Amino acid sequence: MSKPERWVIGNWKMNGSLASNAALLEAVRAQPAPAVKVAVCAPFPYLHQLQQALSGSDVQSGAQDVCEQGAGAYTGQVSAAMLREFGTSVVLVGHSERRQFNAESSELVAAKAAAALAAGLTPIICVGETLAQRQAGLAEATVAAQLAPCASLFAAASANVVVAYEPVWAIGTGITATPVEAQAMHAFIRAQLILISPSAASVSVLYGGSVKASNAKELFSQPDIDGGLIGGASLVAADFLSIVSAAA
Ligand code: PGA
């Protein structure tokens with residue numbers, strides 16, 4: 001059974017411009033830790049820029065969403081095959097901002113992950129509870145319910161799927177889950193995955209939510225945290241590269 005791989009993935013969200021991306025990508029290309037898989041997930045219009053700027057580097061190009069359908073009358077959507085044509089190899093699915101602002105259900109998220117896998121992309125399946133859910137003692141139940149529709153994917157293709165645990169209360173708030181809190185949920189997620197399929201023991205489980213250069217090392221040293229999904233800090237090259245180094 002292979003061990004989970006180390007990953008650090010930047011999520012630019014709806015940020016960037018051709019000029020600022022060029023400088024960021026130029027710096028990020030020099031990723032300092034070959035043992036860590038590194039990707040940046042950019043808004044769709046910049047995927048061509050990523051393809052050019054990252055060509056020949058170890059940094060992978062990623063998108064932030066994908067349509068669950070293959071092609072057709074789905075105005076405004078982007079298919080997994082289109083992402084592939086632009087050199088994209090990973091895609092976020094079910095980020096909490098899409099669950100919240102675009103009313104994405106866990107079933108839809110699973111369908112998006114399946115479409116990504118079918119096209120040869122690695123889906124990064126994002127899960128996480130809100131503060132109200134945590135305070136009500138529902139954090140684990142929430143995350144288990146978010147993972148459940150993806151069960152068949154974990155069973156069939158665990159090598160090509162990544163899970164990102166992002167407690168909603170920690171995203172962009174400056175409040176990070178403590179290493180102990182994060183580790184506890186990661187151990188729970190790992191146990192859920194293994195229940196679904198023993199082969200899913202090799203699925204990487206990343207932590208996201210206010211990861212910074214200053215707290216990355218302690219988070220990533222937890223036994224069940226295999227790296228991070230980085231929002232704000234991925235927009236600053238020095239911070240992002242220092243987080244990559246912390247995952248090595
Ligand atoms: P943050 O975002 O690092 O800015 O908290 C993480 C994410 O939403 O992926």
Point to revise | Of all residues in segment 1-17 being within 16 Å of the ligand (Cβ to nearest atom) and among the aliphatic types (A, V, I, L, M), the one that is farthest from A187 (Cα to Cα) | key: M14
**Study point:** Whichever residue in segment 206-220 is of a type in the set (S, T, Y) and in a loop (DSSP other than H, G, I, E, B) and, among such residues, is farthest from the ligand (Cβ to nearest atom)
**Key:** S214
Exercise for review: Considering each of A151, A157 in turn, give the residue that is over 25 Å from S234 (Cα atoms) and in contact with a Leu (Cβ under 6 Å, 6 or more places away or on another chain).
Suggested key: A157
Review point. Among the numbered criteria (1) more than 15 Å from the ligand (Cβ to nearest atom); (2) on the phi > 0 side of the Ramachandran plot, which single criterion is violated by S202?
Key: (2)
Review point. Can you spot a residue in segment 227-247 that is touching a His at 6+ places or on another chain (Cβ under 8 Å) and under 22 Å from P123 (Cβ atoms)?
Key: no
Review point. Can you tell me which of F220, F154 is at pLDDT 95 or above and either touching an Asp or Glu at 6+ places or on another chain (Cβ under 9 Å) or not acidic (D, E) (or both)?
Key: F220
Review point. Hey, among the residues in segment 201-219 that are in contact (Cβ under 8 Å) with a residue 60 or more places away in the chain and within 12 Å of A247 (Cβ to Cβ), which one's nearest to the chain's Cα centre (by Cα)?
Key: L206
Practice item. Mind counting the residues in segment 123-152 that are among the hydrophobic types (A, V, I, L, M, F, W, C) and within 16 Å of the ligand (Cβ to nearest atom)? Key: 6
Study note, to complete from the structure: Within segment 157-184, residues under 20 Å from A113 (Cβ atoms), within 16 Å of the ligand (Cβ to nearest atom) and out of contact with any Gly (no Cβ under 7 Å at 6 or more places or on another chain) come out as V162, V163
Point to revise | Near pairs, Cβ below 6 angstrom, 6+ apart or cross-chain, from segment 101-120 (farther than 19 Å from A145 by Cβ) to any residue that is modelled with pLDDT of 95 or more and among the acidic types (D, E) | key: A115/E68
**Study point:** Filter result (without any contact (Cβ under 8 Å) to a residue 60 or more places away in the chain, outside any loop (DSSP other than H, G, I, E, B) and more than 13 Å from the ligand (Cβ to nearest atom)) within segment 221-248
**Key:** S242, A246
Review point. Under 7 Å by Cβ, and 6 or more places apart or on different chains, what pairs join a residue from segment 24-46 that is basic (K, R) with one that is in a loop (DSSP other than H, G, I, E, B)?
Key: R29/L54; R29/S57; K37/E5; K37/R6
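The values are calculated or read from the model by the stated rules, or taken from the named source; none is laboratory data. From a predicted model like this one, the values you see are computed outputs, not experimental measurements. All Cβ positions, glycine included, derive from the backbone under ideal geometry; neighbour counts span all protein chains shown.
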